[in-house]
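Scroll down for the structure; my scribbles are underneath it.
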Amino acid sequence: MIIKERTMNGLPVVSLSGKLDIFSKNAFKDTAEKYTEVNSKGLILDFQGVTFMDSVGLGALMVLARTFQKLKGRIIVVNPQDQVKTLLSEMNVAKMIPMYATDEQFSAFSEL
């Protein structure tokens, strides 16, 4: 998995490419935890390059979402590919982690 970090509208954006699975979980977790440690208000996860997600990846995503909720923040997923979007929708993840189809919706999140 390739992980790139940047900032947009004052919020951190983590762009992922590859598979979010048992083999990449620790790299994802380590990167995301940096933002919980500094009490970031939110985190944008750009899933445009995520081609596959297994139950371990999904679990890591949910743990991250719960951690941000405890910190009075939240995460969003943008640009999910169809396979990942279907998985997240079927698992009712959208109740906890909003999903957006395009980058333009970043600005709405930054105003929360």
Per the filter on region 16-56, residues in contact with a Leu (Cβ under 8 Å, 6 or more places away or on another chain) and among the hydroxyl-bearing types (Ser, Thr, Tyr) are 35, 36, 40
Would you check which residues across region 1-60 are part of a loop (DSSP other than H, G, I, E, B), of a type outside the set (Ser, Thr, Tyr) and surrounded by 15 or more Cβ atoms within 10 Å (Cβ to Cβ) and list them?
1, 21, 41, 54
Out of the residues in region 98-112 that are more than 25 Å from residue 26 (Cβ to Cβ) and not in a helix (DSSP H, G or I), which is modelled with the highest pLDDT?
98
Condition check for residue 95: at pLDDT 95 or above, loosely packed, with under 13 Cβ neighbours inside 10 Å and not hydrophobic (A, V, I, L, M, F, W, C):
no
Are any of the residues in region 64-84 loosely packed, with under 15 Cβ neighbours inside 10 Å, part of a helix (DSSP H, G or I), in contact with a strand residue (DSSP E or B) (Cβ under 8 Å, 6 or more places away or on another chain) and of a type in the set (S, T, N, Q)?
yes
Counting just the residues of region 34-50 that are farther than 11 Å from residue 12 by Cβ and of a type in the set (A, V, I, L, M, F, W, C), which one comes out nearest to the chain's Cα centre (by Cα)?
47
For residue 41, which of the numbered conditions (1) over 23 Å from residue 89 (Cα atoms); (2) without any contact (Cβ under 8 Å) to a residue 24 or more places away in the chain fails to hold?
(2)
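The values are calculated or read from the model by the stated rules, or taken from the named source; none is laboratory data. Please read all numbers here as calculations on a predicted model, not as lab measurements. Glycine also receives a Cβ, built like all others from the backbone with ideal geometry; neighbour counts cover every protein chain displayed.
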